[in-house]
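The values are calculated or read from the model by the stated rules, or taken from the named source; none is laboratory data. Keep in mind it's a predicted model, so treat the numbers as computed, not measured. All Cβ positions, even for glycine, are placed from backbone atoms using ideal geometry, and neighbour counts span all protein chains on display. Keep in mind that these areas ignore ligands, DNA and RNA; they rest on the heavy atoms of the full protein, side chains included. Shrake-Rupley method; radii C 1.70, N 1.55, O 1.52, S 1.80 Å.
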Amino acid sequence: MIKGFSHYWTKKQIRDQLAVVQGKKAPTMVVTNTTYLNSYRKTWMQGNIWIHRDRIVYVGEAMPAAQNDTEFVDASGKYVVPGYIEHHAHPFQLYNPLSLAKYAAERGTTTLINDNLPFFFHSTNKQALSLLDDIQKTPATMLWWVRYDAQTELKDNNDGFDYSNMKKWLEHPFVVQGGELTDWPSVLNGDDSILHWMQATKDVRKPIEGHFPGAGEKTLTQAAIIGVDGDHESMTADDVLKRLDVGMVASLRYSSIRPDLPRILKELHEKDFRQYDHLMMTTDGSPPHFMKHGFMEHLIQIAMDEGVPMIEAINMVTVNVATHFHMDDVLGMVAPGRIANLNFLQSKDNPMPTEVLAKGKWVRKDDKPCFPEIPFDWGEYGLGEMELDWDLTRNDFQFSMPLGVEMTNDVIMKPYQIDKDITMEELPENSDECFIILADRFGKWLVTTVVRGFAKNLYGFASSFSTTGDILLVGKSKQGLLDAFQELKNIKGGIVLLDRDRVVATVPLKIGGVLSSANLDEGLIDQEEQLRLALKERGYPHGDPIYSLLFFSSTHLPYVRITQKGIFDVKKKRVLFPSLMR
């Protein structure tokens, strides 16, 4: 039998919970004198909330018959709402899943539904699924998607997405969604392998998340036919309505490169649209600097500022999400049977909680964060410190390719014809062109060309933060590339930016070379801000360099990408210039 997430408690645990309601056993906590949100009625009610360990067992006017060793919490004057849910998290944007969970939970977002893509590149299936089990033991409710493709071109042709691996992911109780479906054109054009896994997702009653930026009626109709249930790529109110019209749930995004939420809500209200039951909200994996203003509580506030009633705004990140994921029996409401994820608000017009319970444990108390420090050996899951046991040399500088890549914004790249001599030691300072190398993290192959539109005055830059964890090197100077690679090697993975005479910015990524071990508000946000400022001072013209680094290899975006196989034409799905073996 496949156990879904609703199969969260054992029979013995359920018997204990029943014993509390029956008066035979004391609850571990009772929240008294509370005004709480009834999500189904969409109204505020008064009563007491009984909690036994990590589950709400009763909500109403009564008090428990047995009270020995029960913790009583007087919530007079507070408003209790369900813990918020981020349904579309990418918990690998420099931060790691645990540090993001901590930061989010302390601000009221107690459940994250997370992307699993990096596990395919860095962990064995056994290691990754063990991580899912172990991180669920923390106060955060950590749930996951399963990807259908690598979102790039790999040397091993996506071997990680074979039958055995995919089946284990889909059947795992903490995996609650398929997607996001970035390679939908292949499915519409006859790829039955992805369609098979989409049907298998439906067999275990899990929804499928799309990825349809700019899609019209015909494309969305076909998406609905192949089983897509929701999409987060709406950029206008009309996009939202198109998704609703084909029966999809629409998520409104507020991210560092797509902060569309307030404008979309304004447009919807101008159309006199005020039906929020099938709308959700997401930060869509924004980098650390964007999180300093808050997490889902910030999105609730934005929605309220645009005229969404508070209860509706809260529902968009609680019960609406839980219902969409077929988990409203265990999440998203202040009601019996749900996980004890509760936010205590000071007023009805401020969604930032003063206290937060996550699985019945305090992670914010007396308006102070208190998520426990949890030791986590990332090496057990294939994410130990990066050891680069090879050297980059001048023999690797085979810059003879006639085709360069031009960045037109943070994430879009077009091909262009290189019109200058790139065998020289340095490119001209007055141009916006730099040398760029994508190198295998194990030193087996590399791709060398020129990028236009990344920076104008960049001596040397190196990053092990990328889609696949391979090494990106960018700079005007070939010596700068060598120096940056050596500095990256010295710090055992991360992001480094060098001038000729000094290291300007460093973001150490001690977890597999792709994730920081630092907490967001204890160093990571500052490190990223320093890097962003240094890049802008050296001519980076776009909004978010972290997204740029992540998407250099991502083949769900137009028009060309630098991948393990070489320079890749996304539309024609062919390699224009292959990577070179060392």
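Quick notes
- Extension gain for T32 to A19 (0.36 nm times residue separation, less C-alpha to C-alpha distance): 2.7 nm.
- Long-range HN-HN contacts of R53 with modeled amide H, under 5 Å: T28, M29
- Cβ-Cβ FRET estimate between S431 and D191, R0 fixed at 45 Å, reported to 0.05: 0.65
- Translational diffusion of the stretch 83-330, µm² s⁻¹ [Kirkwood Rh, Cα pairs; Stokes-Einstein; 4 °C; 1.567 mPa s]: 71 µm²/s
- Diffusion constant of the stretch 1-109 at 10 °C, which comes from Stokes-Einstein with the Kirkwood Cα-pair radius and 1.306 mPa s, µm²/s: 98 µm²/s
- Most simply put, the chain has about 70% antiparallel DSSP beta bridges, counting only bridges with both residues inside it.
- The chain - percent of accessible surface contributed by carbon and sulfur, probe 1.4 Å: 48 percent
- The chain, relative contact order [Cα under 8 Å, separation at least 6], %: 15 percent
- The stretch 141-219 versus the stretch 45-84: alpha-carbon centroid distance in Å: 40 Å
- Among 132-138, 296-302, the peptide with the highest mean count of other Cβ atoms within 10 Å heads the list, and the full ranking is 296-302, 132-138.
- Solvent-accessible surface of the chain, taken per residue with a 1.4 Å probe and all protein chains present: 38 Å².
- Residue pairs, from the table K24/K137; K218/K292; K25/K126; K42/K365, whose Cα atoms sit over 31 Å apart: K218/K292; K25/K126
- What you get for the stretch 394-581, charging only the Cβ of Lys and Arg (+1) and of Asp and Glu (-1), is a dipole of about 800 debye around the Cα centre.
- Segments 266-274, 28-36 sorted - mean Cβ within 10 Å per residue, highest first: 28-36, 266-274
- Spacing of the two label points (7 Å from each Cα toward its C-beta) at D419 and S6, in nm: 6.4 nm
- Angle in degrees between helix 478-491 and the longest Cα principal axis of the chain, rounded to the nearest 10: 40 degrees
- Once backbone amide H atoms are built at 1.01 Å from N, R364 has V356, C370 as its partners under 5 Å, excluding neighbours fewer than 5 places away on the same chain.
- Available extension along the chain between Q46 and E385 is 116.9 nm, counting 0.36 nm per residue and deducting the alpha carbon span.
- With the helix formula -39500 (n - 2.57) applied to DSSP H stretches of n ≥ 4, the chain reaches a computed 222 nm mean residue ellipticity of -7500 deg cm²/dmol.
- Loop-located chymotrypsin sites (Phe, Trp or Tyr not before Pro) in the stretch 339-432, at most 16 other Cβ atoms within 10 Å (DSSP): W390
- Here the chain is treated with +1 on each Lys and Arg Cβ and -1 on each Asp and Glu Cβ, and its dipole about the Cα centre works out to around 1140 debye.
- Efficiency of FRET from Cβ geometry, S400 and N457, R₀ 35 Å, rounded to 0.05: 0.90
- Where Rh is the Kirkwood radius over Cα pairs, Rg/Rh for the chain: 0.99
- The stretch 83-330 - charge dipole about Cα centre, Lys and Arg +1 at Cβ, Asp and Glu -1, debye rounded to 20: 460 debye
- Where labels lie 7 Å past Cα in the beta-carbon direction, separation of T393 and F72 in nm: 7.7 nm
- Tilt relative to the chain, helix 192-203 - C-alpha long axis, 0 to 90 degrees, to 10: 10 degrees
- Loop GluC sites (Glu not before Pro), the stretch 363-407 (other Cβ atoms within 10 Å of the site Cβ: 14 or fewer; DSSP): E373, E387
- Nearest-0.05 FRET efficiency for H293 and K536, computed from C-beta distance (R0 22 Å): 0.65
- Between R500 and T124, the simple label model (points 7 Å from Cα in the Cβ direction) yields a spacing of 5.0 nm.
- Each residue of the stretch 430-447 is assigned a 3J(HN,Hα), and the resulting list reads 8, 9, 9, 9, 9, 5, 9, 10, 10, 10, 4, 4, 9, x, 8, 8, 7, 10 Hz, derived from the Karplus form 6.51 cos²θ - 1.76 cosθ + 1.60 (θ = phi - 60°), x at Gly and Pro.
- Long-range HN-HN contacts of L331 with modeled amide H, under 5 Å: I339
- Put simply, the Cα atoms of the stretch 394-581 extend 44, 33, 31 Å along their principal axes, the longest span coming first.
- Computed extension gain for D569 through Q199, at 0.36 nm per residue and net of the alpha carbon distance, reaches 130.3 nm.
- In Hz, Karplus ³J(HN,Hα) per residue of the stretch 368-383 (6.51, -1.76, 1.60; θ = phi - 60°; x = Gly, Pro): 10, x, 8, 4, x, 6, 10, x, 9, 8, 5, x, 5, 10, x, 10
- Each 10 Å bin from zero holds the following percent of Cα-Cα pairs in the stretch 281-337: 23, 43, 30, 4.
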